[in-house]
Amino acid sequence: MKQKKRINPAFYIMTVPMAVLFFCFHTFPFLQGVFYSFTDWKGYGNWNFVGLRNYLHIFQDKNVGYSYLFTFKFAICATILVNVVSLLLACALNAKIGCKNFLKAVFFLPYMLGTLIISYVFKYIFANLIPVLGKALGIAALSNNVLGTGNAWIGVLVVTIWQSMAFNTLIYLSGLQTVDRDLYEAAALDGATGFRRFFQITFPLIAPFFTINMVLSGKNYLMAFDQFIAMTNGGPGTATTTISVLIYKKGFSGGQFAYQSANAVLLFLVVVLISVFQLRVLERREEKVG
């Protein structure tokens, strides 16, 4: 009889503490939130079970509906733009250019900085530096702080793309480096160059990397929070209130802890469903291309 292979005790020493910590600080609070979503708890004092009342009220709340619409608009725009810009940048960095490694480090630098730090820096730039420059150049569009106008979300979008494209570019570069150069030489002999070579050879071969970036980007932007809190605090008014910002502000300072817990559970389900849908659609496209 074959003896069972013994598992090294070091495996348990490394994994069990991490699993316990993950459960205590992630899974357990999440389950608590799900539990409280069926109550009327305000974050303090007594509470009572109310069943599905919180969930039913969400679909009648205009503020929640507006926040979801704005979140979807921001997530779609950010996901598309950051992947287009990142893919173009990755193709440029993958070409035969000088100072390639230095440029890679420069473009990856924003991702190493915290979102809050970057957001506060750009908040100062939008409020103080750009208006002065716009007035000096006589450009009316740049003479006012964009974060205080109805187009505040565009300023946040620009900052989000600038920071996020570093990680996406790195993923695309990894994919581009897996493409065999002999394919390009063969394509050149057949007269395939430029955009034709990109769409018929490069893009199909890096399709799995495109799928990864699209799913991760969509998930992250549907839960956008830090940049909006730091740059606009959901304003002006409620113009840039994403669903995560609404949950935070109403849940912790608006006395709607249980109600916003239900909202958070709904957001979790929405993100999961959209991510699964993206995976299914993009994986089918990969199969067709393959």
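The values are calculated or read from the model by the stated rules, or taken from the named source; none is laboratory data. Everything numeric in this text was worked out from a predicted model, so none of it was measured. In this analysis, Cβ positions are derived from the backbone assuming ideal geometry, glycine residues included, and neighbour counts consider all displayed protein chains. Protein only, heavy atoms only, side chains kept; ligands, DNA and RNA dropped before computing areas. Shrake-Rupley method; radii C 1.70, N 1.55, O 1.52, S 1.80 Å.
So for the chain, averaging the separation of alpha carbon pairs under 8 Å that are six or more residues apart and normalising by length, what relative contact order in percent results?
Dividing the mean separation by the residue count of the chain yields 28 percent.
Available extension along the chain between Tyr55 and Val281 is 78.5 nm, counting 0.36 nm per residue and deducting the alpha carbon span. Largest first, the extents of the alpha carbon coordinates of the chain on the three principal axes equal 86, 75, 37 Å. Modelled spin labels at Tyr44 and Leu88, positioned 7 Å past Cα toward Cβ, are 5.2 nm from each other. Along the Cα→Cβ direction, 7 angstrom out, place labels at Thr149 and Val179. What is the inter-label distance in nm? Label at Thr149, label at Val179, 3.9 nm between them.
The residue list Ile118, Ala141, Val64 was ranked by how far each Cα lies along the charge dipole of the stretch 1-145 toward its positive end, using unit charges on Cβ atoms, and Ile118 comes out on top. With contacts taken as Cα pairs under 8 Å at a separation of at least 6 residues, the stretch 68-158 carries a relative contact order of 19 percent. Annotation note: chymotrypsin sites (Phe, Trp or Tyr not before Pro) in the stretch 1-72 located in DSSP loop regions with a Cβ neighbour count of at most 10 within 10 Å are Tyr44, Phe59. Here the calculated FRET efficiency for Leu31 and Leu116, from their Cβ-Cβ distance with R0 = 22 Å, stands at 0.20, rounded to the nearest 0.05. Per residue, the chain exposes 62 Å² of solvent-accessible protein surface, assessed with a 1.4 angstrom probe and all protein chains in place.
What's the carbon and sulfur percent of the chain's accessible surface, probe 1.4 angstrom, rounded to a whole number? Intermediate results must be reported in sequence, preceding the final value.
Values: 12240 of 17950 Å².
It is 68 percent, rounded to a whole number.
Length gained on full extension, Phe252 to Asn8: 83.3 nm, using 0.36 nm per residue less the C-alpha separation. Multiplying the residue separation of Thr193 and Ala140 by 0.36 nm and subtracting their alpha-carbon distance yields 14.8 nm.
Between the amide H of Thr39 and those of Val50, distances stay under 5 Å, these residues lying 5 or more places away or on another chain, with hydrogens modeled in the peptide plane.
Please find the FRET efficiency linking Val16 to Lys219, where r is the Cβ-Cβ separation and R0 is fixed at 22 Å, and quote it to the nearest 0.05.
Values: r = 28 Å, r/R0 = 1.29.
Here the calculated transfer efficiency is 0.20.
Overall, the anisotropy analysis places the stretch 1-149 in the oblate class: the square-rooted eigenvalues a ≥ b ≥ c of its C-alpha gyration tensor yield a/c not less than 1.5, with a/b not exceeding b/c. Taking all protein chains as they are arranged and a probe of 1.4 Å, the heavy atoms of Thr115 leave approximately 40 Å² accessible to solvent.
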